[in-house]
Amino acid sequence: MALTPEFGHIIGIGKALVMNGSAPKLTVAIARTIDDEKDLLQAFWQRLRAFTKERGTPIFVTWNGLGFTFPFLIERSTALGVEPSCILPRARFQPWRHLDLFAELAAYDPHRYVSLESRLTLWGLKLNGSDNGHHFGDHDLLTEQWRKGDSKPVEENLTLILEALHRILSRVAPCFLEARNNGP
């Protein structure tokens, strides 16, 4: 139940900014305690507001953002009274606004959904600092370590996930760039 926004909490948010094929600029923010969740969300929305004001609405790229990440952010923000700075794009089949790699690569067919680790393995993609198994942290173990005051494993896990998303996006970008150029 900890992975539901009704009972879970956001303890870390990882973001990567990639512009015109540049190397990703990674940012990972970790709450020190559960009580810092509201501050973490406020900072996220403030930074997104500043970004959209300066550069316009970005193309969001996520792994299961439609089914997990965006609903979780919205629900936890609502529960804590944190006002979002923009509406996160949650419509399916609009990769020019929100490219959910998890859903798009499975053609929105739940029978074809595969984990991030499996996608990396299937495509033979390797990550820096990890073996071929691409072991992302166990949520329960990461949470336990974080509760004991060790936030480094959560930070490392988010960084690894961002790197994995970038590797996959680099591989599929030509397919989605064409679709985006022909879109609205």
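Which distance in Å, rounded to a whole number, links the C-alpha centroids of the range 81-156 and the range 13-40? So the two Cα centres are separated by 13 Å.
Which value in deg cm²/dmol, rounded to the nearest 500, describes the helix-derived mean residue ellipticity at 222 nm for the chain, given -39,500 (n - 2.57) per DSSP H run of n ≥ 4 and division by the residue count? Can you show the working numbers first?
Working: 6 runs with 80 residues, N = 184.
Rounded to the nearest 500, it is -14000 deg cm²/dmol.
The label point for ALA50 and the one for ALA79, both projected 7 Å from the Cα toward the Cβ, are 2.7 nm apart. For ASP109, the solvent-accessible surface with a 1.4 Å probe is about 50 Å², rounded to the nearest 10. The length gained by stretching the chain between ASP140 and ILE59 to full extension, at 0.36 nm per residue less their Cα-Cα distance, is 26.1 nm. Computing Rg and the Kirkwood Rh from the Cα coordinates of the chain gives a ratio, Rg/Rh, of 0.94.
Amide H contacts under 5 Å for THR62: LEU99, ASP100, LEU101, restricted to partners 5 or more places along the chain or on a different chain, H placed in the peptide plane at 1.01 Å from N. Each Cα pair under 8 Å and six or more residues apart adds its separation to the average, and for the range 9-83 the resulting relative contact order is 29 percent. With a 1.4 Å probe and all protein chains left in place, how much of the accessible area of the range 1-141 comes from carbon and sulfur atoms, in whole percent? For the range 1-141, the apolar C and S fraction of the accessible surface comes to 53 percent. Volume per residue for the range 12-78 equals 100 cubic angstrom (convex hull of Cα atoms).
The values are calculated or read from the model by the stated rules, or taken from the named source; none is laboratory data. The model shown is predicted, which means the values in this text are computed figures rather than measured ones. In this analysis, Cβ positions are derived from the backbone assuming ideal geometry, glycine residues included, and neighbour counts consider all displayed protein chains. Remember, those area values only see protein heavy atoms, side chains included, never the ligands or the DNA or RNA. Shrake-Rupley method; radii C 1.70, N 1.55, O 1.52, S 1.80 Å.
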